[in-house]
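What follows is a short report on a single structure.
The values are calculated or read from the model by the stated rules, or taken from the named source; none is laboratory data. Not measured: the values here are computed from a predicted model. Using ideal geometry, Cβ is built from the backbone for each residue, glycine included, and neighbour counts are taken over all protein chains shown. We work out accessible area using only protein heavy atoms, side chains counted, and drop any ligands, DNA or RNA first. Shrake-Rupley method; radii C 1.70, N 1.55, O 1.52, S 1.80 Å.
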Amino acid sequence: MKKIIGIVIAVILLNSFTINAQLTKPEDFFKFKPGSDRMLIDYEQLIDYLKIIDKESPRVKMIQNGKTEMGKPMYLVFLSSEKNIENLNRLKEINKELAINNDLTTNQILEYSEEGKVFVLATLSMHANEVGPAQSAPLIIYKIASTDDKELTAQLEDVVYMMVPNHNPDGMDMVVHNYLKYKGTKYEGTRYPGVYNKYVGHDNNRDFVTLSQSGTKAINRLYNEEWFPQVMVEKHQMGWRGVRYFVPPKHDPIAVNVDAELWTWDGIFGTGMIKDMTEQGLKGVVQGYAFDDYWPGSTETAHWKNIIAMLTEAASVKIATPIYQESNELTVSGKGLSEYEKGANFPDPWLGGWWHLSDIIDYELASTFSLIRTASLHKKEILKLRNRLCNKEIEKGNNEAPYYYIMHNKQHDEGELVRLVNLLKEHGINVFRLTKDLNLDNKMYYKDDIVVPLAQPFRSFIKEIMENQKFPVRHYSKNGKVIMPYDITSWSLPLHRGIKVDELEKKYPEINKFSELIKQNYRIKNEQIPENYLYAVFPAENNDSYKAAFFAMNKGLTVYRSEASFNQTGTEISKGSFLIAKTSEMKDILSEIEINPIYINEKINLDKKTLSLPRIALAETYMHDMDAGWTRFIFDNYHIKYTIVHPGEFKKINFTKKFDIVIFPDNDKNILKEGKYKGQNGTYSIPSFPKEFTKGIGKNGMDNLMKFFNEGGTIVAWGRSTRLFTGNLTVPLNEKDREDFILPFKDLSENMQKNGLYCPGSLVQIDLHNNYDITLGMPEHIGVFYRGRPVFTTSVPNFDMDRRVIGKFAKKDILLSGYAEKIKLIAEKSAIIRIRKNKGQMILFSFNPQFRASTPVAYKLLFNSILIK
């Protein structure tokens, strides 16, 4: 018997040695150990290594799960026992059953909790300057692939660790290559000049409601449609001046729509991490600090879909360059910690010294294996929890108001309804349409109206994104200071898209009886193009009509715009609608949009003008200019051509000769003008970039811009950028003469903020004057995304200037969704103004008309501003 046992042990040891011997070590492949000072791997190197380990280890399986905006492949790596890797398809089926099947029997749930595994999804380094998590990926994968540790191998029998080795491959290459470019110079470790992906930079972690970006869609599919993991974690970094590592739970406020059990599990996993990391001597770990979780939009939006969703945050270094931190430089502020001292949620402070990339990686490895340990320890509970939450949410939907959201199929902008329905489906929500007209308590709903019942597994998400937001106000002490929000406070999809929706507080059995599931992509478009027509008319009310017009103009087709409303076969077609003559390109035009044009097959007497593509200069700084990036994304999506002009280039450009319009997305006036941040005390801070990226517009650049404006150019600006044009301005008239002037408007927001105005990012109501070209296709009242600045006031102009108020904040019911304080101060103040001087014009918005690609309700205001001559 002893001889047999000895043989078995020998075989096990031989197998273990064989596995380890044939695996490529990270340091052998990269020629350095990931995490070494001043050394980085880029995305292609990372993936090349993972492909090798994928072939070498039966505990690893890598698949492609999407592409980035710039076309790089995105990958998902499964790490578990050999048996689990072989059985992934079966385990995937169990995950789905537990997540969305509310008809499972008690025995089935027990069987699934035995047979199933806890899937832990980890997405690494979505913010590309936070390099540590992605640099740790090879070490985590190698350890799992090569380990013969009994405890870890036992845990891997219970857990499948799903790693997205980099959430932002485009950005990873940008940041890594930029670091290596300046390595060894005084600019080593400075910031990447620009947004670290194609469009949105840091805001990729604000896109998980709108799902506008390719990378977001890829991650979203993993937990909404394909793998249904029970646990997810997003691995981040933060500043270097304070705590070393954040783990859950988060600080208040938290989302009231998310089930209580999920918040308790956040605490269980977080407590496991802080316990295990402290046990390993890793100091400075904190819980319940700085980060809240009341808003969806980040990757942790998975919380609203019954997933235990978390983030971790490591203190940063200068990309890969270590920093030395004096003990008296360490500081904390805000939620959860008032002093950098030992406390209940911060039991073992880090006391300063050298902080290396390798330290970040040590913390990443410790937190990762703690997550796996906790998931294994509670395997059956977590799997049962997933199905219990599915049942609880459906039960709430059947027994608690609201019961349904209904959207009429006829909306002001029909294309936005189509996109909203398909977005809901992309989020894993079942959407229905009525099969007959219904009279519900004297309220008519019609065949093909859209129904979203709340008796669904993702009820909390449905309610969160369909209702108007009310911020969960919490205080630091009774009647004390309000705990302010971390980010925005409004994300209501119907409001942000201008879609009218009814929230039904009563159950109606006939809705369930007379509605059918929309199984495929929702469409209203008829692909049939008549053989005989003179014009296809695209109504001004639809964002898609503008897309069709810009697309057609880029194709070289003639596009007209009606200068008056007209009637066609009983249909009233509004002023500002677009007309495109019969063309063989019509099929291509329709492939870009979601709406049906109106075909005219007879000659009509119509006032119309011929449009031409405007020559657009888009001002974008190098200082992580996310709002400009979002503007580029919208413009690319709508086929609007533009040229990026950086502030330091203004002095060299003859704008009058090259451009028709100059656009300034939201940015700080001092960054635009001086290339520097200006503090409240009036001193400038020096940006962390090489000097070629810190040039502002300057005096000569402003001269060129004002000359362009004075001679007939159009300037469009919104948010803080509008402050470029307040106060004293000057324009060169010729080589000798200049004209000083002040445009007839001011920004009142600074004084209002002193009087208590606070609006962190909410939807507020504005009233539009519909007799101006800027408001063509718009309703009289809309909600716009607003941050409490600017607030315009106009005055009677002098000389060759004029002004018009195009839109103003509502007199009452100003706040539609979100949170604000003293918002009545802006009642009836100007929100959109049009300024004229000599031959030029300026259109100024107090709000972001394209905010994070999430406010289609306001897009037409921007598009019309571009098309005005």
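Which residues, taken from the range 474-487, are surrounded by 11 or more Cβ atoms within 10 Å (Cβ to Cβ), part of a loop (DSSP other than H, G, I, E, B) and not acidic (D, E)?
Going through the range 474-487, the residues surrounded by 11 or more Cβ atoms within 10 Å (Cβ to Cβ) turn out to be 474-476, 482-487.
Still in the running and part of a loop (DSSP other than H, G, I, E, B): 474, 476, 483-487.
R474, Y476, I483, M484, P485, Y486, listed by residue number.
Of all the criteria given as (1) farther than 20 Å from Y859 by Cα; (2) outside any loop (DSSP other than H, G, I, E, B), the one not satisfied by P760 is (2). Number of residues in the range 20-39 that are in a helix (DSSP H, G or I), within 28 Å of I323 (Cβ to Cβ) and of a type outside the set (F, W, Y): the value is 2.
Within the bounds of the range 255-271, is there any residue that is closer than 17 Å to D487 by Cα and open to solvent by 20 Å² or more (accessible area, probe 1.4 Å)? Working first, answer last.
Step one: list which residues in the range 255-271 are closer than 17 Å to D487 by Cα, which gives 255-256.
Those still in the list that are open to solvent by 20 Å² or more (accessible area, probe 1.4 Å) too: 256.
Yes, the range 255-271 contains at least one residue that is closer than 17 Å to D487 by Cα and open to solvent by 20 Å² or more (accessible area, probe 1.4 Å).
Conditions (1) open to solvent by 70 Å² or more (accessible area, probe 1.4 Å); (2) modelled with pLDDT of 95 or more; (3) not hydroxyl-bearing (S, T, Y), marked per residue:
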| residue | (1), (2), (3) |
| --- | --- |
| I9 | yes, no, yes |
| I19 | no, no, yes |
| F32 | no, yes, yes |
| S36 | no, yes, no |
| M39 | no, yes, yes |
| L50 | no, yes, yes |
| K55 | yes, yes, yes |
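Evaluate the range 644-662: report whether one residue or more is open to solvent by less than 20 Å² (accessible area, probe 1.4 Å), touching a Leu at 6+ places or on another chain (Cβ under 9 Å) and part of a loop (DSSP other than H, G, I, E, B). Scanning the range 644-662, I find no residue that is open to solvent by less than 20 Å² (accessible area, probe 1.4 Å), touching a Leu at 6+ places or on another chain (Cβ under 9 Å) and part of a loop (DSSP other than H, G, I, E, B), so the answer is no. Tallying residues that are without any contact (Cβ under 8 Å) to a residue 40 or more places away in the chain, within 27 Å of F863 (Cβ to Cβ) and surrounded by fewer than 20 Cβ atoms within 10 Å (Cβ to Cβ) within the range 699-751 yields 1. Among the conditions (1) open to solvent by less than 20 Å² (accessible area, probe 1.4 Å); (2) more than 25 Å from K335 (Cβ to Cβ); (3) under 20 Å from the mean Cα position of the chain (by Cα), the only one that E464 does not satisfy is (2).
Just one of the listed residues (K67, K92) is in contact (Cβ under 8 Å) with a residue 40 or more places away in the chain and in contact with a strand residue (DSSP E or B) (Cβ under 8 Å, 6 or more places away or on another chain), namely K67. Only one entry of I593, I634 meets the criterion of being surrounded by 14 or more Cβ atoms within 10 Å (Cβ to Cβ), part of a helix (DSSP H, G or I), in contact (Cβ under 8 Å) with a residue 40 or more places away in the chain and not aromatic (F, W, Y), and that entry is I634.
Evaluation of M553 against the conditions (1) of a type outside the set (F, W, Y); (2) part of a loop (DSSP other than H, G, I, E, B); (3) at pLDDT 95 or above; (4) open to solvent by 10 Å² or more (accessible area, probe 1.4 Å) shows that the sole unmet condition is (2). Of Y161, Y182, all but one fail to be more than 17 Å from M126 (Cα to Cα), modelled with pLDDT of 95 or more, over 21 Å from the mean Cα position of the chain (by Cα) and open to solvent by 10 Å² or more (accessible area, probe 1.4 Å); the exception is Y182. All of (1) part of a helix (DSSP H, G or I); (2) open to solvent by 20 Å² or more (accessible area, probe 1.4 Å); (3) touching a Phe, Trp or Tyr at 6+ places or on another chain (Cβ under 8 Å); (4) not small (G, A, S) hold for D203 with one exception: (2).
For every residue, the table says whether it meets (1) in contact (Cβ under 8 Å) with a residue 12 or more places away in the chain; (2) out of contact with any Gly (no Cβ under 7 Å at 6 or more places or on another chain); (3) not charged (D, E, K, R).
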| site | (1), (2), (3) |
| --- | --- |
| L776 | yes, no, yes |
| E780 | yes, yes, no |
| G788 | yes, yes, yes |
| V796 | yes, yes, yes |
| R804 | yes, yes, no |
| K808 | yes, yes, no |
| R834 | yes, yes, no |
| A858 | yes, yes, yes |
| I866 | yes, yes, yes |
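Per-residue answers, yes or no, for (1) within 30 Å of I319 (Cβ to Cβ); (2) at pLDDT below 95; (3) touching a Gly at 6+ places or on another chain (Cβ under 9 Å); (4) of a type in the set (A, V, I, L, M, F, W, C):
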{"site": "S584", "(1), (2), (3), (4)": "no, no, no, no"}
{"site": "P597", "(1), (2), (3), (4)": "no, no, no, no"}
{"site": "T610", "(1), (2), (3), (4)": "no, no, no, no"}
{"site": "T621", "(1), (2), (3), (4)": "yes, no, yes, no"}
{"site": "V662", "(1), (2), (3), (4)": "no, no, yes, yes"}
